[in-house]
1. Run the simple label-point estimate for Cys318 and Glu139 please: 7 Å along Cα→C-beta, distance reported in nm.
2. Cα gyration tensor of the range 3-306, axes a ≥ b ≥ c as square roots of the eigenvalues: rounded (a/c below 1.5), prolate (a/b > b/c) or oblate?
3. Excluding residues on the same chain fewer than 8 positions from Lys144, give the lysines whose Cα lies under 19 Å from its Cα.
4. Just name one of His269, Ser102, Trp76: the one whose Cα is farthest towards the positive end of the charge dipole of the range 3-306 (beta-carbon charges, Lys/Arg +1, Asp/Glu -1).
5. What is the gain in length, in nm to one decimal, between Phe31 and Asp80 on full extension, counting 0.36 nm per residue of separation less the C-alpha to C-alpha distance?
6. How much length would be gained if the chain were fully extended between Trp243 and Glu169, taking 0.36 nm per residue of separation minus their Cα-Cα distance, in nm to one decimal?
7. Given 0.36 nm per residue, what is the gain on full extension from Ser201 to Lys300 after removing their alpha carbon distance, in nm?
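Values quoted throughout were computed directly from the atomic coordinates according to the rules given, and no laboratory measurement underlies them. Every value quoted in this text rests on a predicted model; they were computed, and no experiment measured them. When we count neighbours, we look across all protein chains shown, and the Cβ atoms used for this are built from the backbone with ideal geometry, even at glycine.
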Amino acid sequence: MNSSSRRDWLRWSLAAAAPLTYAVASAQAQFKHNPFSLGVASGSPNHHSVVLWTRLMPEGGSGTLPSALGDVSVTWEVADDEHFKVNRRTGQVMALAALAHSVHLELEGLQSDRWYFYRFQFGNAQSAIGRTRTLPHPEAMVQKLRVAYASCQRWEHGYFSAYEHMAQENLDMVLFLGDYIYEYAAAANPVRLPTGGWVTSLSDYRNRYALHKSEKSLQAMHAQCPWLVTWDDHEVSNDYAGWVRGFSGNITFNFEAQRAQAYQAFYEHMPLRASALTRSLEGLARGAEMRIYGQVAYGKLANIYLLDDRQYRDRQVCTHWRRCP
C-alpha cells in the first residue's frame, strides 16, 4: 500500500466514526434475518461525547455480510427518551467492509451527566434500543458512581447469567478488565463448546467475538450503559507478552500477523474511538501501537485508569507451558 492509499484509508477510517454530513445511500436489502444479531453497545464516554457501536451480521451468517455489499451507511437515532420523541437526532454513519461492517459512531456535542437512548437502522431492519450516558464534567462535584466490573468470560465454563443480575443494578458504567474471548479450542469438562477450534486468524477472531456476543444476557448488559474496556492475554493468545508469542496450540504461524489481526478484531467488536488505531489498520499490521490505555474522570469523585498490561509487557520468565531457565 503506497503513502497515498494509506492516507486515504486513514481518512476513511476516521470518517467512519463521524456522523455523515452528506447523503450516502444505505443498502435497501430486505433482510429475512436480523442484521443486528450482535446487539448494540456504547463506550469510551466523556462529559460531552460517547461511542455508539454495532456490527452488521445477520443471524446464521458466516461472520460477515456479503462482500458484494462493500461499504454501507447505517442510520442512527439518539433521543432523550426511549420512544425517540424528545430531542431526537438522526443521521448516517459508515460501516466499512474492511472493519467487518462494524459501526463506531463518535457522537459529539452532548450534555454532560445525561442519559440518552439510541438505535440503528439498516435496510428494513432496526436494532435493539440501547441506553447510554455522558459523564459529569471533570470539575463537577459528584456524590456517587455505580459501577461493576467483569472479566474472563470463557464460553466453555458456563453461561453468562451474571449479566442478568448486573442489569438489575442500574449502573452508570461497566468496566471490562480483559479476556472478553478465549482463543482455546476446548476445555476440560466444558459446559458447552465454542465453534471454530483454535483462534489464530482474523476470521477466527471475528467468529469467536460473534459467538460471545450472541449471548443475550451480554447483549442486554451492553445495551444498559456505557462500557470502558481493556484487554488481557486471551484476546490474542495465552500468556503472550508484547511481541513474544503465547501458547496458541500452534507455533508455526507468524505471531506478529496474528497479534495485528487479533487487535483489529478487538477494535471491530468494542465501542472504541477511531483514535485507538493510531496509524489505521495499515499501521497496525506493521506493528504500530493500538492505543487503549488512558484516564477517565468522573467529575471530581473518581479518576479511572485504563491499563494495557500486554502490548508493552516484557517477556515473561516463566509460564505454565514454558519452563523457567
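1. Rounded to a tenth, the inter-label distance reads 5.3 nm.
2. Details: a/c = 1.36, a/b = 1.18, b/c = 1.15.
Rounded is the answer for the range 3-306, as its axis ratio a/c remains below 1.5.
3. The qualifying lysines are Lys300.
4. Checked the options; the winner is Trp76.
5. Working: separation 49, 0.36 × 49 = 17.64 nm, distance 2.89 nm.
Between Phe31 and Asp80, full extension yields 14.8 nm more.
6. Values: separation 74, 0.36 × 74 = 26.64 nm, distance 3.95 nm.
Length difference between fully extended and current span is 22.7 nm.
7. Values: separation 99, 0.36 × 99 = 35.64 nm, distance 4.30 nm.
Gain on extension, Ser201 to Lys300, equals 31.3 nm.
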